1. Among what's in segment 160-175 and is assigned to a helix (DSSP H, G or I) and either of a type in the set (S, T, Y) or in contact with a helix residue (DSSP H, G or I) (Cβ under 7 Å, 6 or more places away or on another chain) (or both), pick the residue that is surrounded by the most Cβ atoms within 10 Å (Cβ to Cβ).
2. All but one of (1) modelled with pLDDT under 80; (2) out of contact with any Pro (no Cβ under 9 Å at 6 or more places or on another chain) hold for C134, so report the exception by its number.
3. Is it the case, given these coordinates, that A22 is more than 20 Å from L84 (Cβ to Cβ), of a type in the set (A, V, I, L, M, F, W, C), surrounded by fewer than 16 Cβ atoms within 10 Å (Cβ to Cβ) and modelled with pLDDT of 50 or more?
4. Is there any pair linking a residue in segment 75-88 that is closer than 19 Å to E63 by Cβ to one that is surrounded by 15 or more Cβ atoms within 10 Å (Cβ to Cβ) and among the basic types (K, R), with Cβ under 7 Å and at least six apart or on different chains, and which?
5. Restricting segment 64-95 to residues that are among the basic types (K, R) and closer than 26 Å to L150 by Cβ, which is modelled with the lowest pLDDT?
6. Of the conditions (1) surrounded by 18 or more Cβ atoms within 10 Å (Cβ to Cβ); (2) over 15 Å from P105 (Cβ atoms); (3) of a type outside the set (F, W, Y), D157 satisfies every one except a single condition; which number is it?
Amino acid sequence: MESLDAPEAAALSLPEVEAPHARAQASEVGEVGEVLRAALSTLPDHYREVLLLKDVEELSAEEVGDVLGEKVPAVKSRLHRARLKLRRMLEGVLGEPGPDATPCPELAEELAGDVAGGIDQGACARMEAHMVHCRPCTEACERLKSTVMLCSRIEGDAVPRPIQAAIRHALLSDG
């Protein structure tokens with residue numbers, strides 16, 4: 001048997017130019033895992049437990065039902081709701097926002113006019129009234145709140161880059 005230190009074994013290792021890329025990918029995977037752990041920690045217990053049992057532990061719906069003392073249709077329903085809640089929580093951080101996440105031209109116009117002349121109480125009242133009835137603005141605010149909540153759940157001082165990018169995008173976009 002040949003030694004792994006033999007010259008032929010060196011050909012099996014990643015080329016030097018790919019090593020930094022591989023390290024960057026591993027770092028991104030770690031950050032995504034950290035974001036996912038933070039998101040899971042914000043879910044109510046009944047959603048978190050069904051997700052962990054089904055998607056992490058890979059139990060069947062029947063097995064999850066046995067553990068939770070529920071019938072399979074109830075397990076499937078709760079799992080569906082848990083996945084939707086988790087997806088909504090993560091869409092602004094890990095993926096592209098949905099098709100309804102377009103900037104609001106009305107609010108952008110209002111802000112552009114107010115920023116030039118200053119924002120007074122009347123401008124605040126108009127923006128608040130607008131945001132109550134504007135779906136894109138409401139969704140943008142909800143995504144920002146969700147992302148900031150995830151940020152606060154991250155352990156340590158370092159905030160993963162996907163969360164940093166999502167917050168910057170939300171604050172610097174037009175809507």
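The values are calculated or read from the model by the stated rules, or taken from the named source; none is laboratory data. What you see is a predicted model; the values in this text were computed from it and never measured. Methodologically, a virtual Cβ is constructed for each residue, glycine included, from the backbone with ideal geometry; neighbour enumeration extends over all protein chains shown.
1. Narrowing segment 160-175 to residues assigned to a helix (DSSP H, G or I): 161-172.
From the residues that got through so far, the ones that are either of a type in the set (S, T, Y) or in contact with a helix residue (DSSP H, G or I) (Cβ under 7 Å, 6 or more places away or on another chain) (or both) too are 161-163, 166-167, 170.
On the way: R161: 13, P162: 20, I163: 22, A166: 26, I167: 19, A170: 20.
Residue satisfying both the conditions and the ranking: A166.
2. (1)
3. Working: more than 20 Å from L84 (Cβ to Cβ): yes; of a type in the set (A, V, I, L, M, F, W, C): yes; surrounded by fewer than 16 Cβ atoms within 10 Å (Cβ to Cβ): yes; modelled with pLDDT of 50 or more: yes.
Judged against the criteria, A22 is a match.
4. Listed by first residue and then by second, the contacts come to L79/K54.
5. Residues of segment 64-95 among the basic types (K, R): 71, 76, 78, 81, 83, 85, 87-88.
From what's left, closer than 26 Å to L150 by Cβ: 78, 81, 83, 85, 87-88.
On the way: R78: 95, R81: 94, R83: 92, K85: 88, R87: 86, R88: 81.
Here the residue is R88.
6. For D157, the failing item is (1).
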